[in-house]
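Here is the structure we will look at.
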Amino acid sequence: AATGDLILQGTDNVYIGGVNYETHIKCTEDGPVELYHNNVKSFNTNGSGITLYGPEGGDCVIDMYADEGDDDADFWRITAGQGGSWYLKNFAPGSYDTLIAATVNAGVEIYYDNSKKFETYAYGIKTTQNIMIGTHAYWEDNGEAIFGDGSDLKIYHDATNNWIKSATGQLKLETVDSVQLFGNNSETLAQFNKDGASYLYYDGSPKFET
């Protein structure tokens, strides 16, 4: 058509193909529109959106380029891998670094600079790196903060009392200055001073001094 629209219309399905009956596009009446690569379907519309396909024995890859792909950081890739894996990657360093990885019946991993920092597992979440908390970390009653490979130290609240339990070794408190113990309403119970005296109190008044 030199001018105007080019309309292809059939009484049933419409096919666009190449030589040797290779299919490029297939449009089904009251059904999907399908796109093919090398005669293998890669894409189709459906009643709720679209479906993408990888080749037999291969991954399904979606590449997205921001800003016309001017810079490496503009390249994004989503991959549905074989065996139930899924990845979000970026090309900023000149190769595709992983940001998020997920595996069915396994876990979700989060990366920083292509190094895994956080993951889910059968009992919750774990990290081998630092955790920075801006305000508070909360544990419910009987929820324990556990330290050491063998659960050596536990800190918890049992709905009535507060507990610090040491299962191995000595329980040590270290400070650069004095140590003070307070009761309700900031009443002093004991005070231990570095390079100085130690005090035991009764009703807020010192009764014993070294």
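The values are calculated or read from the model by the stated rules, or taken from the named source; none is laboratory data. Quantities reported herein were computed from a predicted structural model and do not represent experimental measurements. No Cβ is skipped: glycine too gets one built from the backbone with ideal geometry, and neighbour counts run over all protein chains shown. Heavy atoms of the whole protein, side chains included, go into the accessibility calculation; ligands, DNA and RNA do not. Shrake-Rupley method; radii C 1.70, N 1.55, O 1.52, S 1.80 Å.
The condition (being without any contact (Cβ under 8 Å) to a residue 12 or more places away in the chain and of a type in the set (F, W, Y)) is satisfied by just one residue among Y121, Y138, Y156: Y138.
With respect to the conditions (1) open to solvent by less than 90 Å² (accessible area, probe 1.4 Å); (2) at pLDDT 95 or above, N39 falls short on a single one, namely (2). Elements of the type strands (runs of 3 or more DSSP E) sitting completely within the stretch 69-113 and holding at least 3 residues that are more than 17 Å from the chain's Cα centre (by Cα): these cover 75-81.
The set of residues in the stretch 42-58 being of a type in the set (G, A, S) and surrounded by 12 or more Cβ atoms within 10 Å (Cβ to Cβ) consists of S42, G54.
Give the stretch 121-132 a look and list any residue that's open to solvent by 100 Å² or more (accessible area, probe 1.4 Å) and outside any strand (DSSP E or B), or say none. Explain how you work it out, then say what you get.
Of the residues in the stretch 121-132, the ones open to solvent by 100 Å² or more (accessible area, probe 1.4 Å) are 123, 125, 128, 130-132.
Answer for the stretch 121-132, where residues must be open to solvent by 100 Å² or more (accessible area, probe 1.4 Å) and outside any strand (DSSP E or B): Y123, T128, N130, I131, M132.
Would it be correct to say that F118 is open to solvent by 50 Å² or more (accessible area, probe 1.4 Å), hydrophobic (A, V, I, L, M, F, W, C) and closer than 21 Å to K165 by Cβ? Considered against the rule, which asks whether it is open to solvent by 50 Å² or more (accessible area, probe 1.4 Å), hydrophobic (A, V, I, L, M, F, W, C) and closer than 21 Å to K165 by Cβ, F118 comes out as no. Tell me yes or no: at least one residue of the stretch 7-24 is within 28 Å of the chain's Cα centre (by Cα) and over 21 Å from G81 (Cα atoms). No, the stretch 7-24 contains no residue that is within 28 Å of the chain's Cα centre (by Cα) and over 21 Å from G81 (Cα atoms).
Taken together, V104, V108, V61, V19 contain a single residue that is within 30 Å of A122 (Cα to Cα) and surrounded by fewer than 10 Cβ atoms within 10 Å (Cβ to Cβ), which is V104. Restricting the first member to the stretch 30-47 and to residues that are over 21 Å from G10 (Cα atoms) and of a type in the set (S, T, N, Q), and the second to residues that are open to solvent by 60 Å² or more (accessible area, probe 1.4 Å) and assigned to a strand (DSSP E or B), the beta-carbon pairs closer than 6 Å and six or more apart or on different chains are S42/L35.
K207 meets all of the listed conditions (1) modelled with pLDDT of 95 or more; (2) under 30 Å from I78 (Cα atoms) but one, namely (2).
Please go through the stretch 139-171 and give me each residue that is open to solvent by 100 Å² or more (accessible area, probe 1.4 Å), touching a strand residue (DSSP E or B) at 6+ places or on another chain (Cβ under 9 Å) and assigned to a loop (DSSP other than H, G, I, E, B), ordered by number. Selection gives W139, E140, L171.
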